[in-house]
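**Student:** The structure is given below, and queries will be raised subsequently.
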Amino acid sequence: MQEECLFCKIINGEIPADFIYKNDRLVIFKDIYPAAPVHLLIVPRKHIRSINDIKEEDKNIIFEVIMAAKNAAQKMSISEFGYKLNFNVEKGGGQMIFHLHLHLLGGWK
Ligand code: AMP
Ligand code: ZN
């Protein structure tokens, strides 16, 4: 938990979000400003700033984040058509919230 981190606050229930999945290691909630018909954020509970900061010890959680995205895409019935998975990395890569998260974007017709 990092104070003043919006996603830590969402994970801890201090700020509401539209959760679609939770387990001990990650949560999934809807992006508040969706950039696609389906726009979910897959967020590890562990506060990691960005992909630049992942370590060997984080390999399981990164794998789980990707698996959770795949499973969420199936649950939302957007798998067959296709979707995007996107990590924005640091300011130049479009990252605005500095708690690692994977964007799942899809649902286009
Ligand atoms: P990024 O630019 O990769 O850091 O993505 C941050 C994402 O978080 C953006 O797509 C925002 O729309 C989204 N976002 C910001 N505040 C909230 C919030 N309170 N609940 C859900 N999503 C949020
Ligand atoms: Zn955080």
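None of the figures in this text is laboratory data; all of them are computed from the coordinates on show. Remember, it's a predicted structure, so these values are computed and weren't measured experimentally. Every residue, glycine among them, receives a Cβ derived from its backbone with ideal geometry; neighbour counts consider all protein chains shown.
**Student:** Based on the mean of other beta carbon atoms within 10 Å per residue, what is the order of 84-91, 97-104, 53-60, 31-38, most packed first?
**Tutor:** Highest mean packing first, the order is 97-104, 84-91, 31-38, 53-60.
**Student:** Which lysines does Lys84 reach when only Cα atoms under 17 Å apart count, and residues fewer than 8 places away in its own chain are ignored?
**Tutor:** Lys30, Lys70, Lys75, Lys109
**Student:** Per the helix-only calculation at 222 nm, which mean residue ellipticity applies to the chain, given -39500 (n - 2.57) for every DSSP H run of n ≥ 4 and division by its residues, nearest 500 deg cm²/dmol?
**Tutor:** Value at 222 nm, helices only: -6500 deg cm²/dmol.
**Student:** Which lysines does Lys55 reach when only Cα atoms under 19 Å apart count, and residues fewer than 8 places away in its own chain are ignored?
**Tutor:** Within the straight-line cut-off, Lys55 pairs with Lys46.
**Student:** While we're on this one: Return the Rg/Rh value of the chain, two decimal places, where both radii are evaluated on C-alpha atoms and Rh is the Kirkwood radius.
**Tutor:** For the chain, the value is 0.94.
**Student:** Enumerate the aspartates and glutamates that Lys9 could reach by cross-link, defined here as Cα to Cα under 14 Å, with residues fewer than 8 away along the same chain left out.
**Tutor:** In chain and number order, the partners are Asp18.
**Student:** To continue, here is another question. If you wrap the stretch 26-65's Cα atoms in a convex hull and average its projection over all directions, what's the area in nm²?
**Tutor:** Across all orientations, the stretch 26-65 yields a mean hull projection of 3.4 nm².
**Student:** Further question on the same structure: Between Phe19 and Cys5, what is 0.36 nm times their sequence separation minus the Cα-Cα distance? Round to one decimal in nm.
**Tutor:** 3.3 nm
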